[in-house]
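Chemist: Attaching a single structure in structure tokens format; questions to follow.
What follows draws every value from the coordinates through simple rules; no lab data is involved. As the structure is a prediction and not an experimental result, all values here were calculated from the model. In this analysis, Cβ positions are derived from the backbone assuming ideal geometry, glycine residues included, and neighbour counts consider all displayed protein chains.
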Amino acid sequence: MDTTLLIIQVLNGLQLGLLLFLVASGLTLVFGILDFVNLAHGSLYMLGAFICASLTYALGNFLLAVLVALPLTGLIGWLTERVIARTLYVRDHLDQVLATFGLILVFDTMAHIIWGPQGIAVPLPDWLTGQVSLGGDLLVPTFRLLIIGAGLAAAGGLFWLVNYTRLGMLIRAGASNRTMVGALGIDIQLLFSLVFALGAMLAGLAGMLIAPITEASIGMGNSIIITAFVVIIVGGIGSIKGAFIAALLIGLIDTLGRAFLDDLFSLFMSSAAAENSAPALSAMLIYLIMALVLALKPQGLFPPKVR
Amino acid sequence: MTRRAWMTLAVLVLLAIVPPAFYLSGNAFYLSLATRLVILAIAAVSLNLILGYGGMVSFGHAAFVGLGAYAVGIPAHHALYGGWDALATNSGWLQIPLAVGITALFALLTGLVCLRTKGVYFIMITMAFAQMIYYLIVSIEEYGGDDGLVIDSRTELWLFDLDKPLQLYALCFLSLLVALGLVRMIVNSRFGMVLQGAKGNPERMASLGFNTYAYRLTAYVISGAMCGYAGALLGNFTTFISPEMMDWHRSGELMFMVILGGAATTIGPVLGAVIFIVLEEILSSYTIYWQLPFGLLLIVTVLFVRGGLAGLLGGRK
């Protein structure tokens, strides 16, 4: 295995990990503060991609489209909280899971009605389609670097928001004791709506960033949501730090497993056997790691202190 | 007899008489619809054992259905194309125990991990393990991967010829009766009492000296194995199996059947399966966007119909 390939795969893993973090951080925020399981979070990821695709064609510029699509997905999150989620906070998790499952069917069919059954490709401006040399013969697509940069920026922004602003202070306070926060005169309903909208925007951003590579398609949210669940289970539900570390871990392990497991296996078995068993194992790898983490630490790697 | 017992009897008698009557009068389609319905009802009944009575919200039951179906498909594949001589057979003496055994084993291994956790963790982990099996099957090219696997010949059983639609339906219906009886027997036994006690107040059951983890795990394995059996029937019914059968949407649909019909009631899951399949059939004949009203119905059911249809129609216990 050569170093160039290794570096490229590590960058790919980093990219997947950061996208996973954008999806998982919203999930874990909403769960940590609202005690609400939102299966439809993946739909917000999909809607972000579709809205951004339409706007890219309407406005003629991908970056402009992202800027306009972000508040729009936030608005959809806000409305979802107002209309559906709010009545479910007092219910048990089973009801929340079923109702948001219904919401997925609604969102997916709406996307089908509005954008049709085909996926929509998202064109990039010329300066983003090229490749950047990172020294030697190491060429990396510019857009992938942009995804990594945007993901890191969003993660940094979130850390700043949660740890150093008044809103973040309220969010952390709401996570440890929402009744007390309400009693201190904070509009807890407004705080909940804001957190939900923030989660929607983060998931939407992930969808917008991946759309130029995979294109926007119906059901794209349905597979990433499970991986995002794995991330927050491994990281500890409710912990943003845990979600960040687990997302990078899962992203890297999944990508590197798929790329190099057969090479690794062929060191100690015949190459035919390695070729047969490596894809099966690499498909299961992140779930096996989840099982291992749970067997050792049932609350995840970084369980939030107050719960 | 109570109102609910009458309702149970009525649903089962209708299922026993109506679909064969349609078939004999030349409407084969309704029998095939009913066969799918009854098979999914068995899966829903098995889910009800742990979800309704045990309080374990498993969002991964479709994986058991899929594994059960592949336990029929893989031996049938090798019987036709060679390889894996120990498995290569169409005999039900191998396929059915394999379906039940492999799903029981999968339930045991995942249950050991899942049941260490509670609440929302449990929901997500069962979902993740089901997705693991989904990706595992997708990655195995020999069995068709994403494209699925055609079952060329159905399971050969004693007494039943599964190539005959009426006999296949008879087997499925009888299996449903056995499944209902089995769950009822389990629920009313000492074991079932402990299981329900552990749902209501786990601390009290633990302090009474019961190892609730072991009881839950046993129920989880029984439920998984029953669901695997339903999967074996489904494979024989569709004669085409694919990873899509274990998509987590299928798990969600099974949960919906249980909740719609009424969790922790005998007939609830069957009623839920009936409503689900009939509604799906009617809506999808009107519009390709049938999932929209379906999703709205799901939301409305969760928000407003407490206790499901069995609670609505049969009154509270």
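Chemist: Given Cβ point charges of +1 (Lys, Arg) and -1 (Asp, Glu) and nothing else, what value in debye, to the nearest 20, does the dipole of the protein assembly as shown about its Cα centre take?
Modeler: Numbers: 28 positive and 29 negative charges, 589 e Å.
Here the size comes out at about 2820 debye.
Chemist: Sticking with this structure for a sec: Cα centroids of region B:262-306 and region B:20-96: how far apart, whole angstrom?
Modeler: 21
Chemist: So, one more: Measure nothing but the geometry: give the 0 to 90° angle between the long axis through the Cα atoms of A:142-164 and the longest principal axis through the Cα atoms of chain A, rounded to 10°.
Modeler: That helix lies at roughly 30 degrees to the long axis.
Chemist: Which order, highest average first, do A:189-196, B:270-277 follow once you tally other Cβ atoms within 10 Å for each residue and take the mean per peptide? Walk me through the numbers before you get to the answer.
Modeler: On the way: A:189-196: 19.0, B:270-277: 24.6.
For the peptides A:189-196, B:270-277, the packing ranking is B:270-277, A:189-196.
Chemist: Summing -39500 (n - 2.57) over the DSSP H runs of n ≥ 4 in chain A and dividing by its residue number, what mean residue ellipticity at 222 nm do you reach, to the nearest 500 deg cm²/dmol?
Modeler: Numbers: 12 runs with 232 residues, N = 307.
Mean residue ellipticity at 222 nm (helix-derived): -26000 deg cm²/dmol.
Chemist: Tell me the angle of helix A:62-80 to the major Cα principal axis of chain A, expressed in degrees between 0 and 90 and rounded to the nearest ten.
Modeler: The two axes meet at around 40 degrees.
Chemist: Could you work out the per residue convex hull volume over the alpha carbons of region B:3-314, in cubic angstrom? Spell out each step's value before the answer.
Modeler: Values: hull volume 43.8 nm³, N = 312.
Output value, Cα hull per residue: 141 Å³.
Chemist: Using the beta-carbon distance between A:LEU184 and B:ASN201 and R0 = 22 Å, what value does 1/(1 + (r/R0)^6) give for FRET efficiency, to the nearest 0.05? Numbers along the way, then the final one.
Modeler: Numbers: r = 34 Å, r/R0 = 1.53.
Taking R0 as 22 Å, the efficiency between A:LEU184 and B:ASN201 is 0.05.
Chemist: Averaged over its residues, how many other protein chain Cβ atoms are within 10 Å of peptide A:185-196's Cβ atoms? Could the numbers behind the result be given before it?
Modeler: Numbers: counts 0, 0, 0, 0, 0, 0, 0, 0, 0, 0, 0, 0.
Whole-number average of other-chain Cβ neighbours for A:185-196 is 0.
Chemist: Something else now. Mind listing the long-range amide H neighbours of B:PHE240? Cut-off is under 5 Å, sequence gap 5 or more, other chains count too, H placed in the peptide plane at 1.01 Å from N.
Modeler: Counting only residues 5 or more places away or on other chains, the set is B:ILE151.
Chemist: Moving to a separate point now. Rounded to the nearest 500, what is the 222 nm mean residue ellipticity of chain B from helices alone, with -39500 (n - 2.57) per DSSP H run of 4+ residues and division by all residues? Display every interim value, and only then the final one.
Modeler: Details: 13 runs with 230 residues, N = 317.
Mean residue ellipticity at 222 nm (helix-derived): -24500 deg cm²/dmol.
Chemist: Something else now. With no solvent and one equal point scatterer per Cα, compute the Debye intensity ratio I(q)/I(0) for region A:3-296 at 0.11 Å⁻¹ and report its log10, rounded to two decimals.
Modeler: -0.69
Chemist: Turning to a different aspect of this structure: How many angstrom separate the Cα center of region A:241-295 from the Cα center of region B:192-248?
Modeler: Each part's Cα centre sits 29 Å from the other's.
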